[in-house]
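Notes follow once the structure below has been shown.
The values are calculated or read from the model by the stated rules, or taken from the named source; none is laboratory data. These numbers were taken from a predicted model, which means no experiment stands behind them. Every residue, glycine among them, receives a Cβ derived from its backbone with ideal geometry; neighbour counts consider all protein chains shown.
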Amino acid sequence: MDLFDFENGREGYYGEYGGTFLPEILHTTIEQLKTEFRKAKQDPAFWQEFVSLMQSYSGRPTPVSPLPNLSAKLGGAQIYIKREDLNHTGSHKINNVMGQGLLVKRMGKSRVIAETGAGQHGYATATMAARFGFESKIYMGAVDVARQRPNVFWMENMGSEVVPVTDGQQTLKDAINECLRDWVTNMDNTHYVLGTACGPHPFPEMVSWFQSIIGHEAREQILTAAGKLPDRIYACVGGGSNAIGIFQGFMEDTEVELIGCEAGGFGPGQGNHAARLAYKDASVGVAQGMKTYFLQNDDGNMLETHSVAAGLDYIGVNPILVNLWEKNRVRFEAVTDQEVTEALKLSMRLEGVIPALESAHGFAQAIKEATQMQPNEVILINMSGRGDKDIFTIADALDDQHWKQFISEKAAGYRGGES
């Protein structure tokens with residue numbers, strides 16, 4: 001299945017979804033990006049340059065690792081994980097960001113901007129900007145700045161300006177809106193490094209293409225490690241870049257079931273979650289440059305969302321994944337905050353593995369389903385990021401008293417130093 005063989009000849013559309021819905025003022029900029037991306041995609045030397053850069057700078061290929069203790073505990077399918085957490089900066093986000101950085105060099109631009117929720121994309125963008133010598137500004141919802149302070153610290157110390165966004169719900173969707181406003185004002189020298197496979201064409205295609213490196217590696221690795229293709233692959237879905245990245249390695253293998261794991265939050269109910277497709281609360285709309293499913297009311301106003309994971313706390317979803325969902329190629333499930341917490345406890349205690357809260361959604365759904373599978377069946381989870389960025393949120397969710405005492409004593413020490 002060629003994801004980018006656009007149906008009915010409509011470039012940028014996946015079934016009925018996608019498109020380029022932007023102000024006319026951005027037309028020239030987006031056309032330049034499309035042109036440079038087409039040239040790069042048709043140039044084998046560009047992909048090789050990208051792969052070489054990721055090998056030397058980010059440590060690719062990332063391994064596929066078995067989880068024997070967790071598998072034995074559950075007594076069902078054999079569980080493996082794709083270790084995107086071992087990338088430089090700690091997540092899959094660096095794949096897309098370094099690819100776009102190479103395109104920015106080709107376009108001769110000197111400044112990059114980005115939105116970020118969990119902070120991993122912002123961290124990766126700040127890293128790329130430092131590596132290539134670009135000026136950079138990162139927009140981040142004020143709520144996410146507070147819960148992802150470690151990543152903010154690293155972004156700022158790499159030379160990026162981090163702008164807390166106080167509009168709306170002060171989360172990912174609001175940061176995207178601010179990026180689009182900045183881009184309109186500074187398009188001559190600025191490239192918007194969109195972090196997920198959403199937004200106007202060519203971003204869904206472009207981000208998916210760079211992230212496909214995950215799936216290409218994973219297919220070969222799981223065949224070697226398990227001696228067969230996986231029966232099921234699980235990946236968390238906010239915008240959907242890590243999911244479409246690993247899924248692309250297995251699109252032609254129809255016997256491999258692909259499962260996208262959305263943020264079930266507190267459970268069903270308006271404002272309680274960010275499960276667009278699993279809870280069937282979303283409807284088709286046009287926003288933030290694309291046509292896809294959004295959590296919105298009957299008037300098209302975006303609803304509030306909730307997730308313990310900042311990177312999944314988003315109103316929309318990748319239009320490519322929506323098309324695959326309608327074709328019954330990808331199944332969507334919702335995972336609650338409580339289920340994520342329990343999955344984290346298991347993975348930490350049994351395997352010494354600390355997935356990011358986003359990635360833990362994939363773990364949680366796999367854990368639920370593994371017990372109903374046979375020991376000769378294989379599960380592959382995309383561990384898209386590492387959990388150290390979430391230490392404040394995880395410690396709170398686990399009600400860790402030692403951590404709370406440490407924070408209180410540290411805060412008291414700062415106050416004492418100021419007096």
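A few points about this structure:
- Taking first residues from segment 158-185 that are closer than 14 Å to ALA287 by Cβ and partners that are surrounded by fewer than 16 Cβ atoms within 10 Å (Cβ to Cβ) and among the hydroxyl-bearing types (Ser, Thr, Tyr), the Cβ contacts under 9 Å between residues at least 6 apart in sequence or on separate chains come to ASP174/THR166.
- When the strands (runs of 3 or more DSSP E) confined to segment 104-213 are screened for residues that are charged (D, E, K, R) and modelled with pLDDT under 95, those reaching at least 1 such residues are found at 111-116.
- Criterion: without any contact (Cβ under 8 Å) to a residue 24 or more places away in the chain and outside the structural domain of GLY101 (by TED's automatic domain parsing) - qualifying residue of LEU229, LEU223: LEU223
- Contacts under 8 angstrom Cβ, first residue in segment 101-125 being under 8 Å from HIS191 (Cβ atoms), partner among the aliphatic types (A, V, I, L, M) and outside any helix (DSSP H, G or I), 6 or more apart: VAL104/VAL112; VAL104/VAL193; VAL112/VAL193; ILE113/ILE138; ILE113/VAL193
- Among all positions in segment 378-394, there is at least one residue which is surrounded by fewer than 24 Cβ atoms within 10 Å (Cβ to Cβ), farther than 30 Å from THR224 by Cα and either among the aromatic types (Phe, Trp, Tyr) or touching a Phe, Trp or Tyr at 6+ places or on another chain (Cβ under 7 Å) (or both).
- Residues in segment 1-56 that are of a type outside the set (Val, Ile, Thr) and farther than 26 Å from ASN87 by Cα: 32 in all.
- ILE246 being modelled with pLDDT of 95 or more, closer than 15 Å to ILE381 by Cα and within 17 Å of the chain's Cα centre (by Cα): yes
- Subset tally (residues that are part of a helix (DSSP H, G or I) and crowded, with 24+ Cβ neighbours inside 10 Å) for segment 344-369: 13
- Residue satisfying all of: in segment 124-157; more than 15 Å from GLN100 (Cβ to Cβ) and either among the aromatic types (Phe, Trp, Tyr) or outside the structural domain of ALA114 (by TED's automatic domain parsing) (or both); surrounded by the fewest Cβ atoms within 10 Å (Cβ to Cβ) among these: PHE153
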